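The values are calculated or read from the model by the stated rules, or taken from the named source; none is laboratory data. Quantities reported herein were computed from a predicted structural model and do not represent experimental measurements. Glycine also receives a Cβ, built like all others from the backbone with ideal geometry; neighbour counts cover every protein chain displayed. For the accessible areas, the whole protein counts, side chains as well, though only heavy atoms, and no ligand, DNA or RNA atoms are used. Shrake-Rupley method; radii C 1.70, N 1.55, O 1.52, S 1.80 Å.
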Amino acid sequence: MDRRFDITNHTADIGITAYGKDLADLMSNAAYGMLTLIVEPETVKSTVTGKIELEELDDVALLVEWLNALLYEMDVNRLLFKEFDIVVTGQTKLAAVCRGERLDLARHRLKREVKAATYHNLRIVNEKGIYIARIIFDI
Amino acid sequence: MGHWLGELNKIDDYRWEIPQDYKTGMRVAGRIYADEAMLGAIREEQSLEQVANVAFLPGIVGCSMAMPDIHWGYGFPIGGVAATRVRDGVISPGGVGYDINCGVKLLRTDLDEDEVMPRIRELVNHLFHNVPSGLGSEGKIKLNDREMEEVLSSGAGWAVKRGYGTPLDLEFTEEQGCMKVADPGKVSDKAKQRGMPQLGTLGSGNHFLEVQVVREIYDAEAAGAMGITHAGQVLMLIHTGSRGLGHQVCDDYLRVMGEAVRRYGIVLPDRQLACAPVESEEGRDYLSAMACAANYAWANRMCIAHWVRDSFSQVLGRKPGQIGMEQVYDVAHNIAKIEDHVIEGRKQALCVHRKGATRAFLAGQEGIPGRYRHIGQPVLIPGDMGRCSFIAVGTERAMAETFGSTCHGAGRLQSRGAAKRGMRGTDVAAELASRGIHIKTGNRGALAEEASSAYKDVVDVVRAAQGAGIIRKVAMAAPIGVIKG
């Protein structure tokens, strides 16, 4: 499928509905969707590579903690990631190679601060072979 | 998500109940403090479902409550209050939120509007440059590991020790700016790394600095005790929280609680409500880590207040002592605390979660500074940047019904997307300037998301809270200068 994500409105915060042909694709599209809430992805080059590995309770926790790991990278290492090669094993393990670049306030016009991805009403469903997840972010 | 169609029974003009049998698994009823006119907007989103969901928490007592500024959050509604028994109840990081101890600090001055207004542009510029704010910004304070531990364990006291404030400021801060259950050993290295460069930063979103002018005084005695004496007096309001450190603490412990929910067999309708018994290892660890984040937030607001004082001195060419810029009070509005309350005639230790709600203790209560002991705890209720803010005090009714809690602000009415669409083509800054409000922001694009039309009118919120008897208004102030991150 072509559609990677949609942005959904929420009174206080903001959400995205992410789609994927498998869990790894869903994780990648959710991460890209989150990046679009923060910055115009076209302004981010792929010059830096980073690795993220996670092991969580289940697929929902894996999705939330994956997104929060990217927010951590942005906060602490000032890294904006836009491309992802992800392997998900057994719904609880994720290994990702991420490409992007270091935050440069002269070139990256930041739109808003995303505090965290939340677990609020989060389910990963499979509809006709498409994985779908609606994630609410704390803004 | 759509309109909420659940059952809502009227108790009186300002109290509404979601019956306990609305949803199987609710342990208590839900109670909403609002007037009829506000309910229309409240029903248009899912915040009432969230009130019902919070009623599932083991050990919850009284009701799952929502203040008049209720709006749709994640897990808890914003404006939510829930108290659980320490003995056999739970503590939930979702009942505090990611921005632990987001709160407000109010400073009063000896200055009048006519002295400040001619310099307001310059003052706002100074404040903007002296207080680091905005996306991706880093603070001016460089902490080493040892100092970070001190911030987490001592809170605003650390800031005062470093010269960012006075002992008197501590006296007029909730908890004197330090929750003593804090244990930096329970805070992850990741959280500390996020907090390290951000101490003394405002952040962005709805965080702000406001130069305000007193417009009305409703209770001269209470206002006088706070050093607020007349209309036209200049005040300063600071709204921020625990920055990335708090976000990471919340996220870290949601993971812990996700496992705890399984271990303790707790059934919840929303994973964001994940929790553990207050007296379990997980519960105690979270409370100790949350307290560290709360302390960081109090230190953060204290440092910012120092630069605010500096900015006033620089612009007005007077020493701080000649400006009379003293702290009125500093309150948390995202926090969980262990407090004693009377339930069914018996004093009990409770864990009171306030998620977008403010403590509002009655006169005479322990924990209120001596100067305010006879009037009640000051409650600070900021409105949106185009309207006004209120100063109030806690009441007997709040002690009896809401575990000494009340509203925390205006509460959002529109989503950020809807706010932006509604303001398309409007220069929000120019519109505010035409009404005598000078604003400076690092992110003009996001201003529309914070426009007045995106928020409930704080006047309505405060009227409902006062109507329900859970606050007593003291004064109202309106902004003349705003700094948004």
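Search the structure for amide H atoms under 5 Å from the amide H of B:Ser133, placed 1.01 Å from N in the peptide plane, and list their residues when 5 or more places away or on another chain.
Amide H neighbours of B:Ser133, under 5 Å, 5+ apart: B:Leu202.
Computed over the Cα atoms of the range B:109-223, what is the convex hull's projected area averaged over all directions, in nm²?
Seen from a random direction, the Cα hull of the range B:109-223 projects 9.9 nm² on average.
May I ask you to rank B:Asp13, B:Asp21, B:Asp251, A:Asp25 by accessible area, largest first, using a 1.4 Å probe over the protein chains only?
Heavy-atom accessible area, descending, gives B:Asp21, B:Asp13, A:Asp25, B:Asp251.
Per q in 0.11 Å⁻¹, report the Debye log10 I(q)/I(0) for the protein assembly as shown, using one uniform scatterer on each alpha carbon and no solvent.
-1.03
Rolling a 1.4 Å sphere over the protein heavy atoms, what is the accessible area per residue of chain A, to the nearest Å²?
Solvent-accessible surface per residue comes out at 41 Å².
When only alpha-carbon atoms count, how far does the range A:1-40 stretch along each of its three principal axes, as whole angstroms with the largest first?
The Cα atoms of the range A:1-40 stretch 30, 19, 15 Å along the principal axes, largest first.
To the nearest 20 debye, what charge dipole does the range B:9-484 have about its Cα centre, counting +1 at the Cβ of each Lys and Arg and -1 at the Cβ of each Asp and Glu?
Here the range B:9-484 has a charge dipole of around 660 debye.
Using all Cα-Cα distances in the range B:89-154, what percent lands in each 5 angstrom bin from 0 up to the longest?
Distribution as computed: 3, 10, 10, 16, 19, 15, 11, 9, 5, 2, 1, 0 percent.
Per the Cauchy relation, a quarter of the hull surface: what is the mean projected area of the convex hull of the alpha carbons in the range B:262-351, in nm²?
One quarter of the hull surface, i.e. the mean projection, equals 9.6 nm².
Cα centroid distance between the range B:115-171 and the range A:82-139, in Å?
Comparing the Cα centres of the range B:115-171 and the range A:82-139, I get a distance of 33 Å.
Give the span of the range B:163-241's Cα atoms along each principal axis, as three whole-Å numbers ordered largest to smallest.
Sorted from largest, the Cα extents of the range B:163-241 read 48, 29, 23 Å.
Leaving out ligands and nucleic acids, and using a 1.4 Å probe, what accessible area per residue does the range B:9-484 come to in Å²?
It amounts to 32 Å² per residue over the range B:9-484.
Roughly how many Å is it from the Cα centre of the range B:1-68 to that of the range B:339-402, as a whole number?
Their Cα centres are 21 Å away from one another.
Which whole-number percent of Cα pairs in the range A:5-138 have a distance greater than 19 Å?
For the range A:5-138, the share of Cα pairs beyond 19 Å comes to 45 percent.
Using a 1.4 Å probe over the heavy atoms of the protein chains, calculate the carbon and sulfur portion of the accessible area of the range A:5-138 as a whole percent.
Reported share for carbon and sulfur atoms: 48 percent.
In the range B:38-115, what is the volume of the convex hull around the alpha carbon atoms, normalised per residue and reported in Å³?
In the range B:38-115, the Cα hull volume divided by residue count equals 154 Å³.
May I ask you to evaluate 6.51 cos²θ - 1.76 cosθ + 1.60, the Karplus curve with θ = phi - 60°, for each residue of the range B:70-80 and list the ³J(HN,Hα) values in order in whole Hz, giving x for glycine and proline?
So the Karplus estimates, Gly and Pro as x, are 3, 8, 5, x, 10, x, 6, x, 6, x, x Hz.
Set Lys and Arg Cβ to +1 and Asp and Glu Cβ to -1, take the dipole of chain B about its Cα centre, and tell me which of B:Ile470, B:Ser242, B:Gln377 lies farthest positive.
Of the listed residues, the answer is B:Ser242.
Taking the Cα centre of chain B as the origin and placing charges on Cβ (Lys, Arg +1; Asp, Glu -1), which of B:Gly232, B:Ser137, B:Thr358 is farthest toward the positive end of the dipole?
B:Ser137
Putting +1 on Lys and Arg Cβ atoms and -1 on Asp and Glu Cβ atoms, find which of B:Val181, B:Gly25, B:Met196 reaches farthest to the positive end of the dipole of chain B.
It is B:Met196, whose Cα lies furthest towards the positive end.
Calculate I(q)/I(0) for the range B:398-443 by the Debye formula, one identical point scatterer on each C-alpha and no solvent, and give its log10 at q = 0.17 Å⁻¹ to two decimals.
For the range B:398-443, the Cα-only Debye profile gives -0.71.
Using only Cα atoms, locate the centre of the range A:2-62 and the centre of the range B:269-328, then give the distance between them in Å, rounded to an integer.
Centre-to-centre distance over Cα atoms comes out at 31 Å.
Could you give the alpha-carbon Rg of the range B:361-485 over 2.2 N^0.38 Å, rounded to two decimals?
The reported ratio for this selection is 1.23.
If you scale each eigenvalue of the Cα gyration tensor by 5 and take the root, what three semi-axes come out for chain B, rounded to whole angstrom and sorted largest first?
33, 26, 22
Using Cα-Cα distances under 8 Å and only pairs 6 or more residues apart, what relative contact order does the range B:9-484 have, in percent?
23 percent
In Å, what is the Rg of the alpha-carbon atoms in the range B:291-337, and how long is Dmax?
Cα radius of gyration and Dmax of the range B:291-337 are 13.6, 42 Å respectively.
Once phi is turned into θ = phi - 60°, what whole-Hz ³J(HN,Hα) does the Karplus curve with 6.51, -1.76 and 1.60 give for every residue of the range B:306-320, x standing for Gly and Pro?
3J(HN,Hα) across the range B:306-320, in whole Hz: 4, 6, 5, 4, 4, 4, 4, 4, 4, 6, 8, x, 10, 6, x.
For the range B:301-372, with equal point scatterers placed on the C-alpha atoms only and solvent neglected, what are the log10 I(q)/I(0) values from the Debye formula at q = 0.15, 0.18, 0.19, 0.21 1/Å, to two decimals?
The computed values of log10 I(q)/I(0) come out as -0.72, -0.86, -0.91, -1.00.
Relative to the Cα centre, what is the charge dipole magnitude of chain A, using +1 at the beta carbon of each Lys and Arg, -1 at the beta carbon of each Asp and Glu, and rounding to the nearest 20 debye?
400 debye
By how many degrees, between 0 and 90 and to the nearest 10, does the Cα long axis of helix B:243-263 differ from the longest principal axis of chain B?
0 degrees
If you put +1 on each Lys and Arg Cβ and -1 on each Asp and Glu Cβ, how big is the dipole of the protein assembly as shown around its Cα centre, in Debye rounded to 20?
Result for the protein assembly as shown is approximately 740 debye, rounded to the nearest 20.
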